[in-house]
Amino acid sequence: MSARGFMIVLAVFFWAYDAAKAAPHGLVTDISRDIVNLRYDFSGTDLLLFGAISGAVDRDEPLDLVISVLGPAKSMVVRRKAQVAGVWVNKQAASIPEAPGYYALTSTRPLASITDEKTLSDLGLGLANLPLPIVSSDAIDPREFRAGFVRAMEKRGLYRLDTDAVMVLEEALFRTNIRLPANVPEGPFEARVVLFSNGVPVVDRALHIEVGKIGFERAVFQLAKQKPLLYGIAAVLLALLSGWGASLLSRR
C-alpha cells in the first residue's frame with residue numbers, strides 16, 4: 001500500500017474510533033481497493049478490509065466479526081477418477097450449476113465459538129453452508145462430490161478459511177487482509193461483514209468489489225472471447241510483423 005493510501009486508512013480509523021461511542025451497535029467499513037485490475041503480470045494481491053464498531057462497547061459483551069468475500073458464480077464440473085485395467089480414468093462426473101468461483105472467510109474466532117450451526121446456516125457463512133447443489137445422472141453420493149470439489153478449490157487457493165484473522169483494536173477498530181490469488185476469476189465480488197453480539201447477528205454490511213481487466217487488456221480479452229477468428233488472425237499478423245522487424249534489426 002502506498003504512503004498516501006496508508007494515511008487515508010489511518011484517517012478513517014481515527015474518525016471511526018471517535019464516532020464509536022454514539023449510537024447502538026453499527027459498523028463503519030471500507031476496503032483498500034474496490035477495483036482490482038487483472039493485468040497480464042497479475043500475481044495475486046491482498047485487499048485490506050477495515051472499519052470500526054460504532055456505538056458504546058461493553059467490555060463484558062462478547063463481540064465478534066465474521067468477514068466473507070464471495071466471487072462470481074459459474075457452472076463447474078466435478079469428476080471422480082477410478083482405476084480401470086491399471087489406468088486411472090474419469091469414471092463419474094457431476095455438475096454444480098452455480099458454484100462460487102471464489103470464497104474467503106475470516107473471523108475473530110472459530111465460527112463454532114461465535115454462534116451456533118443454525119445461525120451460520122441461516123446466514124450462509126462458512127464453507128459448509130455454501131450453496132453447492134450437485135447434479136448428476138450417475139448414482140453418486142453428493143456429499144463426497146461436494147467435499148471433493150471444496151478440497152480442489154482450497155488447493156487452488158480459491159476457497160480460504162482463516163479463523164482468528166480479524167484484528168480488533170481498542171475494542172472498536174478492526175482490520176483483516178483478504179488474499180486474491182493469481183487465478184482469481186473475473187467479475188463482481190461481494191465482501192460481507194457481520195457483527196455478532198453474544199452469538200446473535202446484530203449488523204450485516206456489504207461492500208462491492210470489481211475484479212477484471214480494464215483498458216487495452218480488456219479489449220484484447222473481449223476480442224479473443226467474442227471474435228476468436230479475428231483474434232487469431234491478428235495474433236498471426238503480429239507475430240509475422242515482429243519476426244520481420246527482428247530480421248531487419250539483425251541485418252543492421
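Determine, from the Cβ-Cβ distance of Ser75 and Glu190 and an R0 of 30 Å, the FRET efficiency 1/(1 + (r/R0)^6), rounded to the nearest 0.05.
Values: r = 19 Å, r/R0 = 0.64.
Working from the Cβ atoms, E equals 0.95.
What does the extension gain come out to for Arg151 and Val135, with contour length at 0.36 nm per residue minus their alpha carbon separation?
Separation in residues times 0.36 nm, less the Cα-Cα distance, equals 3.9 nm.
Can you tell me how much longer the chain between Asn37 and Ser121 gets when fully stretched, taken as 0.36 nm per residue apart minus their C-alpha distance, in nm with one decimal?
Values: separation 84, 0.36 × 84 = 30.24 nm, distance 3.30 nm.
In short, 26.9 nm is gained.
Taking R0 as 22 Å, what FRET efficiency do you get between Asn177 and Asn198 from their Cβ-Cβ distance, rounded to the nearest 0.05? Can you show the working numbers first?
Values: r = 27 Å, r/R0 = 1.24.
That gives a FRET efficiency of 0.20.
Using R₀ = 30 Å, calculate the FRET efficiency as 1/(1 + (r/R₀)^6) where r is the Cβ-Cβ separation of Arg143 and Ala206; round to 0.05. Before the final figure, lay out the partial values.
Details: r = 30 Å, r/R0 = 1.00.
Efficiency computed from Cβ-Cβ geometry: 0.50.
Got a number for the accessible area of Ser32? Probe 1.4 Å, square angstrom, nearest 10.
Roll a 1.4 Å probe over it and Ser32 shows about 50 Å².
Considering amide H positions built from the backbone, and no H for Pro or chain starts, which residues 5 or more places from Val166, or on another chain, come under 5 Å of its amide H?
Ser107, Thr108
The values are calculated or read from the model by the stated rules, or taken from the named source; none is laboratory data. Note that this is a predicted model, so its numbers are computed, not measured. Note: ideal-geometry Cβ built from the backbone for every residue, glycine included; neighbour counts use all protein chains shown. Note: accessible area is taken over every heavy atom of the protein model, side chains too, but ligands, DNA and RNA are not part of it. Shrake-Rupley method; radii C 1.70, N 1.55, O 1.52, S 1.80 Å.
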